[in-house]
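Scroll down for the structure; my scribbles are underneath it.
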Amino acid sequence: MLATVALVLLAGLGAGALGALLGVGGAVLIVPLVHVGLGYPIFTAASVGLLTVIATSVAVSSAAETQRILNVRLALVLLVASVAGALGGVHAVRSVVSERSAELIYGITSVAIAIVMLQRLERRNIASIELVGGGPLDGCFDEYESGCRVWYRVRRLPLAVAAAGVAGVVSSVVGVGGGMVVVPVLNAWCGVPLRVAAVTSAFMIGVTAVPGIVGHYQLGHLTTPELAAGAVLGVLAGARLGLWLSDRAPVRSLKLLMAGLLTIVGTLYLLRGGL
C-alpha cells in the first residue's frame with residue numbers, strides 16, 4: 001500500500017501542476033490513475049478526485065499570482081449554476097447513473113471538449129478598450145507573455161451559466177471538478193481569455209466539488225483515505241509549479257496540452273464504456 005500511495009502522490013504533483021495551468025482541478029489525471037491504473041471502482045476514484053479538486057482550488061485561489069487575473073464576479077454568477085448542477089449530479093449517482101454510464105459520460109465529455117479546444121486553437125479573446133467596460137463582468141489583466149494589458153468582454157452569459165450547470169453534474173458523477181467543461185466554453189464561445197478562464201474555474205471548482213464529495217462519502221465510496229491524502233499532498237505541491245508556469249507558457253501550447261490530455265482520457269473511457 002505504501003508504494004501505491006507514493007505513486008498517487010507523484011501523480012498528484014503532475015495533476016496539481018495541470019490543475020493550476022488549466023483550471024481543471026488535476027482530477028482529470030487522478031481519476032483514471034485510481035480507476036484504471038489501480039483498479040478501484042470509478043466512484044471510489046471520483047471521491048479521491050474531488051478531494052484533489054478542492055486542494056487545487058485552495059492552492060490556486062489563495063496564490064498572489066492569480067489575484068490580478070481572477071474574475072470573481074463571473075465566478076460567483078457561475079457558481080449558482082455549478083452548485084445546482086453538482087446537487088443534481090449527486091442525485092443521479094444515488095439513483096440512475098451506473099459505473100458504465102459514468103465512464104461513458106466522462107469519455108464523451110472529454111472528447112467533445114477537446115474538439116472545441118482544437119477548433120479555437122489560433123484565436124485569442126482580446127478586445128479593444130473601447131469595447132470593454134460596459135458590462136459588470138468585463139475585465140483586464142497584465143499579461144506576462146506579451147508584456148501588455150489584455151482587455152476582454154464576457155459574451156453569451158446564458159451559455160456560460162448552462163455550461164457551469166453541466167460542469168456541476170459532471171463534477172459529482174465522475175469527480176473531475178467541472179473545469180474541463182467550464183474553461184473551454186468560456187474561452188471558445190464567451191470571450192474569456194484562457195488564463196482568466198482557468199483561474200476563474202479553479203476558484204469555482206472547490207465549491208462545486210463539495211456536494212459531490214459529501215454525496216460520495218454518504219454512499220460509502222470514499223474507501224481509500226490514504227490514497228486521497230497522498231493525492232492531495234501531491235496536488236498542493238504541484239500547484240505551485242503550475243502557477244509559476246502559467247504566465248510563461250504560450251496560450252497555444254496550453255490549449256494543445258488540454259486538448260491532447262482530454263482526447264487520451266476520453267478515448268480510454270469510451271473504449272471502457274463499450275463505444
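The values are calculated or read from the model by the stated rules, or taken from the named source; none is laboratory data. These numbers were taken from a predicted model, which means no experiment stands behind them. Cβ coordinates were reconstructed from backbone atoms using ideal geometry, including for glycine residues, and neighbour counts include every protein chain displayed.
When residues in region 57-74 are screened for being more than 12 Å from Gly178 (Cβ to Cβ), out of contact with any strand residue (DSSP E or B) (no Cβ under 7 Å at 6 or more places or on another chain) and surrounded by 18 or more Cβ atoms within 10 Å (Cβ to Cβ), 7 of them pass.
For (1) in a loop (DSSP other than H, G, I, E, B); (2) at pLDDT 85 or above; (3) in contact with a His (Cβ under 8 Å, 6 or more places away or on another chain); (4) of a type in the set (Phe, Trp, Tyr), each residue gets a yes or a no:
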{"residue": "Leu233", "(1), (2), (3), (4)": "no, yes, no, no"}
{"residue": "Gly238", "(1), (2), (3), (4)": "no, no, no, no"}
{"residue": "Leu243", "(1), (2), (3), (4)": "no, no, no, no"}
{"residue": "Ala249", "(1), (2), (3), (4)": "yes, no, no, no"}
{"residue": "Met258", "(1), (2), (3), (4)": "no, no, no, no"}
{"residue": "Thr263", "(1), (2), (3), (4)": "no, yes, no, no"}
{"residue": "Thr267", "(1), (2), (3), (4)": "no, yes, no, no"}
{"residue": "Arg272", "(1), (2), (3), (4)": "no, no, no, no"}
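Scoring Gly26 on the criteria (1) buried (at least 24 other Cβ atoms within 10 Å of the Cβ); (2) at negative phi leaves a single failure, condition (2). Do the conditions hold for Ala27, that is, is it at pLDDT 85 or above and of a type in the set (Gly, Ala, Ser)? Answer is no for this residue.
Matching residues to (1) in contact with a Leu (Cβ under 9 Å, 6 or more places away or on another chain); (2) more than 27 Å from Leu241 (Cα to Cα):
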position	(1), (2)
His35	no, no
Ala45	yes, no
Leu70	no, no
Val83	no, yes
Ala86	no, yes
Ser101	no, yes
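Any idea which of Gly206, Gly179 is within 24 Å of Ala92 (Cα to Cα), surrounded by fewer than 24 Cβ atoms within 10 Å (Cβ to Cβ) and at pLDDT below 90? Within the list Gly206, Gly179, the selection yields Gly206. The condition of being under 18 Å from Leu261 (Cβ atoms) and hydrophobic (A, V, I, L, M, F, W, C) holds for only one of Val53, Val77, that being Val53. The residues listed here are Leu33, Leu9; of these, the one that is buried (at least 18 other Cβ atoms within 10 Å of the Cβ) and within 13 Å of Val265 (Cβ to Cβ) is Leu33.
The residue of region 107-140 that is surrounded by the fewest Cβ atoms within 10 Å (Cβ to Cβ), among those that are modelled with pLDDT of 85 or more and within 25 Å of Leu157 (Cα to Cα), is Ile108.
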